[in-house]
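The values are calculated or read from the model by the stated rules, or taken from the named source; none is laboratory data. These numbers were taken from a predicted model, which means no experiment stands behind them. Counting neighbours? That spans all protein chains shown, and the Cβs are built from the backbone with ideal geometry, glycine included.
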Amino acid sequence: MNKNNKRPVVFLDRDGTLNEEVGYIRDAENLVLINGAGESIKRLNDAGVAAILVTNQSGVARQYYPESHIGVLHSRLQKLLADHGATLDAIYYCPHLPVKTDSSFSGVCDCRKPATGMIDLAYNNYPELDRQKSFMVGDKVSDIELAKNCQARSILVKTGYGEASLKELQEKKLSPDYVAEDVCQAVDWILSKLGQ
């Protein structure tokens, strides 16, 4: 793609944003899409907007399950999205935890949100992505902080931990660019900002 034909991008959190928040998912069958999430990703796909997952998954560092389990969960996520004709353009996850555990995944990293490592990697791997037309959708304070750190427009969804995060953001005097009831409303707002 030429410089004038860059692709808008939406970075999305997973738990509490695309799928229901149920804590650490040890059984893949417990990964269930939030109502409308599949259709919302399909709308991004149809509009030519990249949809990229960026998710902290410290269950590995906490030794709740092996790293391979994250792949199992993401295969299920992609299948559930495919049932709606939707797909994620890429999936990035951080398995680390910045506290000392007996796991080789413990310690400070540059990929755990709100650090920008996963998004930096996405931009390196997909140079056609338009940083000027980038959005971050999530239910946690770290998602909104990540958006600020990488100059993306931030959308807090009220699903998952969203309601609690909204209070915490107010205490920190941090304002998302938009507060949405769910990912469906977030995508409505994003597409309106892109003129679609």
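Quick notes on this one:
- Candidates LEU146, LEU80 - the one that is modelled with pLDDT of 95 or more, within 23 Å of ASN19 (Cα to Cα) and crowded, with 22+ Cβ neighbours inside 10 Å: LEU146
- Of the residues making up the stretch 73-99, those that are among the hydrophobic types (A, V, I, L, M, F, W, C) and not in a loop (DSSP other than H, G, I, E, B) are LEU73, LEU77, LEU80, LEU81, ALA82, ALA90, ILE91, CYS94, LEU97.
- Note on the stretch 100-122: residues that are in a loop (DSSP other than H, G, I, E, B), out of contact with any Cys (no Cβ under 8 Å at 6 or more places or on another chain) and hydrophobic (A, V, I, L, M, F, W, C) total 2.
- Complete set of residues in the stretch 1-57 that are surrounded by fewer than 21 Cβ atoms within 10 Å (Cβ to Cβ) and of a type in the set (S, T, N, Q): ASN2, ASN4, ASN5, ASN30, ASN35, ASN45
- Scan the stretch 151-168 for residues that are surrounded by fewer than 20 Cβ atoms within 10 Å (Cβ to Cβ) and closer than 24 Å to LEU191 by Cβ and the total you get is 4.
- When ARG76, ARG62, ARG43, ARG26 are checked against the criterion of being of a type in the set (D, E, K, R) and touching a residue at least 60 places away in the same chain (Cβ under 8 Å), ARG43 stands alone in meeting it.
- Members of the stretch 6-31 found to be within 15 Å of LYS158 (Cα to Cα), assigned to a loop (DSSP other than H, G, I, E, B) and of a type in the set (Asp, Glu), listed by number: ASP13, GLU20, GLU21
Per-residue answers, yes or no, for (1) of a type outside the set (Gly, Ala, Ser); (2) buried (at least 21 other Cβ atoms within 10 Å of the Cβ); (3) without any contact (Cβ under 8 Å) to a residue 24 or more places away in the chain; (4) farther than 24 Å from ASN35 by Cβ:
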| site | (1), (2), (3), (4) |
| --- | --- |
| GLY107 | no, no, yes, yes |
| ASP110 | yes, no, yes, yes |
| MET118 | yes, yes, no, yes |
| GLY138 | no, yes, no, no |
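- Single condition GLY38 does not satisfy, out of (1) within 18 Å of the chain's Cα centre (by Cα); (2) over 30 Å from ASN124 (Cα atoms); (3) of a type outside the set (Val, Ile, Thr); (4) in a helix (DSSP H, G or I): (2)
Each row is one residue, and each column tells you yes or no for (1) within 23 Å of GLU21 (Cβ to Cβ); (2) of a type outside the set (Lys, Arg).
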position: ASN124; (1), (2): no, yes
position: GLY138; (1), (2): yes, yes
position: ALA152; (1), (2): yes, yes
position: TYR161; (1), (2): yes, yes
position: LYS167; (1), (2): yes, no
position: LEU174; (1), (2): yes, yes
position: ASP182; (1), (2): yes, yes
position: GLN185; (1), (2): yes, yes
position: SER192; (1), (2): no, yes
